[in-house]
Structure formats: structure tokens, C-alpha cells
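Undergrad: Just dropping this structure here.
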């Protein structure tokens, strides 16, 4: 898990709180990592999976290692070191799946991306220069290029609609329209007024956008969801920005459910507060469970609605009813696996990427099954953890 440190300040949407939650990634070394077959270089562009994230995240390090074991070539770049890359890209034709295709010359290696997955690849993480305009141009250019590369490749993750990931409000509206229960929700600059319209003694307050803001490259400040007494929120002043205020749903269980290419992997999560995984990690329990049929059905329907191959869904079970909270298309999985033991999601993700890679190569049949040795080797790879 990413480590957090506390400094005086505010945490939570519009609520005074000490200490502020910060995550410092400034010391994480950036690099470009190639995992290619140990064969002679080919004259043509080599088919290759492209992974783009940021230094300090464990998920893609584990994924790249597993893909290498499965015989799938890959390159991983991170936002911190991307400015040092030497790049030339040529748009081609015939990538399939309605996409154009692209050939990259990356640091002297010529590749044809088969699958592109960008997660946590934020322009705010890219290095700053003395020239503010140049800094913005650098960050926006690289971020835009990677986003468009997702559209050009035969396949991309987290879904088949690159650059069109559903925000929280779209998620809630879509789930409600699909007949899945969601908390009563108001988006407002006046939390007190919204709380007055909510039932119960507690409400949930969360930001509309990301849970972390990056004030400078590598320094993130958490503005995490909070469960607050309704009476306390009634006394809060109006804000200069909108927040989400929701009813607090009493529930029997909280689930984190990972959707990977139609399969679901569920964990029951026990925690005191929404920010407990960062502030009191040792007190959080994560237990692998079989997803209740209603939860699995809801996850699959919503993933299909939003075109997601991968998504980390947060659900509640309330008197047997599924309540949808949100889906994080960049959601980490290694932290949950490390807490629970095992690596079901890591293995599922690697196999899904392998299938997409083989499909891009024209292999439309099912991939060859893993033999027992392969399966056991996959299960022993437990590099790092992150969230």
C-alpha cells in the first residue's frame, strides 16, 4: 500500500481535520522496463503490450513479470520518467476491432502495440521545469498521446472506450437506471442544505472527482469520503466547489468486487471508516468471499454498460439487497490481495491481457491452458503491494 504521512491541515470535503492525509511518491524511481523474448531482434515491428502508470505502483510490476512468464512481451513506462523517452509513432491501418493501429519506435526499439493499459498515468505526476508553460505542454502532450494510443491499439484497458471512463455521477445514474439500488445523492456547494434533506443520523460526504489531488509532482493530498453526523454537517458553511452528499446506508457487509473480462473476484472488507486503509491499515480486514449472485450480476451488467474489461466495484449488502457505491477503473488490487492472501486478481488480469494480446495477433481461438507448473509459478509471484 502507498504510505501516508500526516501534516496539519484539512482532510475530507470541506471539513477541518488534523492530520491531513498525504502520500509522498517523490522518491520513487522512474524507469522504462522492457520484458521481451530472449530472441534475435526482428526486422519488423514486434507485437508488444504497453503499460503506462507511475513509479511506486506495484500492480503493473507484478503484471509485467507474469506476462513475461506467459510469453507475452511488454514495455512499462511511468509518468515520472516519460519525458526522457525517445519516441516516434506512425499511424498505420488494419489494427482490427475498428481501430487504426500504430507502430512505435521507443528508445530505439520498434514495436506494434497490441494492448495498451494506462492507469494512474496523470499529467500532474510529470516532472516540472522552470518554465510553467513548458511544464504544462510537456504534461498535456504525453498524457494526450498515451490516451490516444489507447484508441489506436487493437485493445485497451480498462475498457473499450478509451478516454471515456464514467465519473461518479454517471455511475450512479447508470446503476439506478439499470434497477440497482444507489444511495440517495445530492451534488451541492451547500452540504448543510443537502444534509437537511437526508434521512438518518449520518450522511456520507465525498468529492465529485478524484480522492487525491496532486499539489506538486509526487505529492498527493487525500480528500477521502467521510461518514459524518448529520447534525454536524448541518452546521457546515457553503463551499466554493461542489461535493457529493449521500444518505448513509446501514449495511451488513461491504464488498470490493473486481471485474476482469467477465469474471468476478470478491473481498469482504471490514473497516471503521472510509480512510482506515490509509490511517489504520492494520485494523482493516480483507477476506476473499464468493460474490453473491445478485452482486456478481450487478457488476457484470454495469461493466457491460460502461464497456469495462476491468473495474474495481465498491458495493454494500443491505438486508440482502445490493447497493452500488462506485467503480474505480484505476482501482488497485495488490493491497487487497496482500491483506487477504493469494493473487486471484493478479492472475486473472494477466490471463485477460494475454487473451487480448493473442487476439490482436489473429489467434481467435482460446489460449492454450496453463499447465500445472505454470499455474503454481503464477501463484508464487507476490512482488510488492499497492493501492
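The values are calculated or read from the model by the stated rules, or taken from the named source; none is laboratory data. Being a predicted model, the structure only gives us computed values, none of them experimental. Here the Cβ positions follow ideal geometry from the backbone for every residue, glycine too, while neighbour counts run over all protein chains shown.
So that you can scan it fast, the table gives a plain yes or no per residue for (1) surrounded by fewer than 19 Cβ atoms within 10 Å (Cβ to Cβ); (2) at pLDDT 95 or above; (3) touching a helix residue (DSSP H, G or I) at 6+ places or on another chain (Cβ under 9 Å):
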{"position": "326", "(1), (2), (3)": "no, yes, yes"}
{"position": "333", "(1), (2), (3)": "no, yes, yes"}
{"position": "339", "(1), (2), (3)": "no, yes, yes"}
{"position": "346", "(1), (2), (3)": "no, yes, yes"}
{"position": "357", "(1), (2), (3)": "no, yes, yes"}
{"position": "373", "(1), (2), (3)": "yes, no, no"}
{"position": "387", "(1), (2), (3)": "no, no, yes"}
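Undergrad: What are the residue pairs meeting all of these: first residue in the range 140-152, first residue closer than 15 Å to residue 48 by Cα, second residue surrounded by fewer than 16 Cβ atoms within 10 Å (Cβ to Cβ) and modelled with pLDDT under 95, Cβ atoms under 9 Å, and 6 or more apart or on different chains?
TA: Partner pairs satisfying both residue conditions: 149/89; 150/163; 152/89; 152/91; 152/92; 152/100.
Undergrad: What residue, of 101, 94, is farther than 27 Å from residue 332 by Cα, at pLDDT below 90 and buried (at least 16 other Cβ atoms within 10 Å of the Cβ)? Walk me through how you get there before you give the answer.
TA: Details: 94 fails: buried (at least 16 other Cβ atoms within 10 Å of the Cβ).
One residue alone meets the criteria, 101.
Undergrad: If you take the residues of the range 270-284 that are touching a residue at least 40 places away in the same chain (Cβ under 8 Å) and outside any helix (DSSP H, G or I), which of them is nearest to residue 324 (Cα to Cα)?
TA: Selected residue: 274.
Undergrad: Select from the range 51-66 the residues that are over 18 Å from residue 116 (Cβ atoms) and assigned to a loop (DSSP other than H, G, I, E, B) and list them in ascending order.
TA: 55, 56, 58
Each row is one residue, and each column tells you yes or no for (1) closer than 30 Å to residue 73 by Cα; (2) assigned to a strand (DSSP E or B); (3) free of Cβ contacts under 8 Å to residues at least 12 places away in the same chain.
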| site | (1), (2), (3) |
| --- | --- |
| 115 | yes, yes, no |
| 134 | no, no, yes |
| 198 | no, no, no |
| 205 | no, yes, no |
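Undergrad: Let me ask another. Could you give every pair whose Cβ atoms fall below 8 Å, whose first residue belongs to the range 89-111 and is at positive phi, and whose second residue is surrounded by 13 or more Cβ atoms within 10 Å (Cβ to Cβ) and at pLDDT below 60, counting only separations of at least 6 or pairs across chains?
TA: What qualifies is 101/95.
Undergrad: Let me ask something else about it. Of all the residues that make up the range 208-242, how many are under 17 Å from residue 182 (Cβ atoms) and modelled with pLDDT of 95 or more? Give the derivation first.
TA: Taking the range 208-242 as the starting set, the residues that turn out to be under 17 Å from residue 182 (Cβ atoms) are 208, 225, 227.
The next check asks that each one be modelled with pLDDT of 95 or more; those that pass are 208, 227.
Residues meeting the conditions: 2.
Undergrad: Hey, another quick one. Check 162, 166 and return the single one that is buried (at least 18 other Cβ atoms within 10 Å of the Cβ), modelled with pLDDT under 90, in contact with a strand residue (DSSP E or B) (Cβ under 8 Å, 6 or more places away or on another chain) and in a loop (DSSP other than H, G, I, E, B). Spell out the reasoning first.
TA: Details: 166 fails: modelled with pLDDT under 90.
None of the others qualify; the one that does is 162.
Undergrad: So which residues in the range 8-23 are outside any loop (DSSP other than H, G, I, E, B) and at pLDDT below 80?
TA: Step one: filter the range 8-23 for residues outside any loop (DSSP other than H, G, I, E, B), giving 10, 16, 20-23.
Residues satisfying the conditions are 10, 16, 20.
Undergrad: I've got another one for you. Please tell me if residue 146 is touching a strand residue (DSSP E or B) at 6+ places or on another chain (Cβ under 7 Å) and farther than 30 Å from residue 56 by Cβ. Spell out how you get there, then give the answer.
TA: Values: touching a strand residue (DSSP E or B) at 6+ places or on another chain (Cβ under 7 Å): yes; farther than 30 Å from residue 56 by Cβ: no.
For residue 146, the condition - touching a strand residue (DSSP E or B) at 6+ places or on another chain (Cβ under 7 Å) and farther than 30 Å from residue 56 by Cβ - is not met.
Undergrad: If you don't mind, there's one more thing I want to ask. Could you list all residues from the range 176-196 that are assigned to a loop (DSSP other than H, G, I, E, B) and either touching a residue at least 12 places away in the same chain (Cβ under 8 Å) or in contact with a helix residue (DSSP H, G or I) (Cβ under 6 Å, 6 or more places away or on another chain) (or both)?
TA: Scanning the range 176-196 gives 178, 180, 182, 183, 184, 189, 190.
Undergrad: Also, quick follow-up: Does at least one position in the range 67-84 carry a residue that is in a helix (DSSP H, G or I) and touching a strand residue (DSSP E or B) at 6+ places or on another chain (Cβ under 7 Å)? Explain how you work it out, then say what you get.
TA: Our first condition is that a residue be in a helix (DSSP H, G or I); within the range 67-84, this holds for 67-69, 82-84.
Filter again for touching a strand residue (DSSP E or B) at 6+ places or on another chain (Cβ under 7 Å), leaving 67-68.
Scanning the range 67-84 turns up at least one residue that is in a helix (DSSP H, G or I) and touching a strand residue (DSSP E or B) at 6+ places or on another chain (Cβ under 7 Å).
Undergrad: When you go through (1) at pLDDT 95 or above; (2) in contact with a helix residue (DSSP H, G or I) (Cβ under 9 Å, 6 or more places away or on another chain) one by one for residue 276, which number turns out not to apply?
TA: Of the numbered conditions (1) at pLDDT 95 or above; (2) in contact with a helix residue (DSSP H, G or I) (Cβ under 9 Å, 6 or more places away or on another chain), the odd one out for residue 276 is (1).
Undergrad: What residue, among those in the range 24-35 that are under 27 Å from residue 67 (Cβ atoms) and in a strand (DSSP E or B), is nearest to the chain's Cα centre (by Cα)?
TA: Checking each candidate, the answer is 33.
Undergrad: Specify the residue that is surrounded by the most Cβ atoms within 10 Å (Cβ to Cβ); the eligible residues are those in the range 122-135 that are closer than 30 Å to residue 327 by Cβ and out of contact with any helix residue (DSSP H, G or I) (no Cβ under 6 Å at 6 or more places or on another chain).
TA: 125
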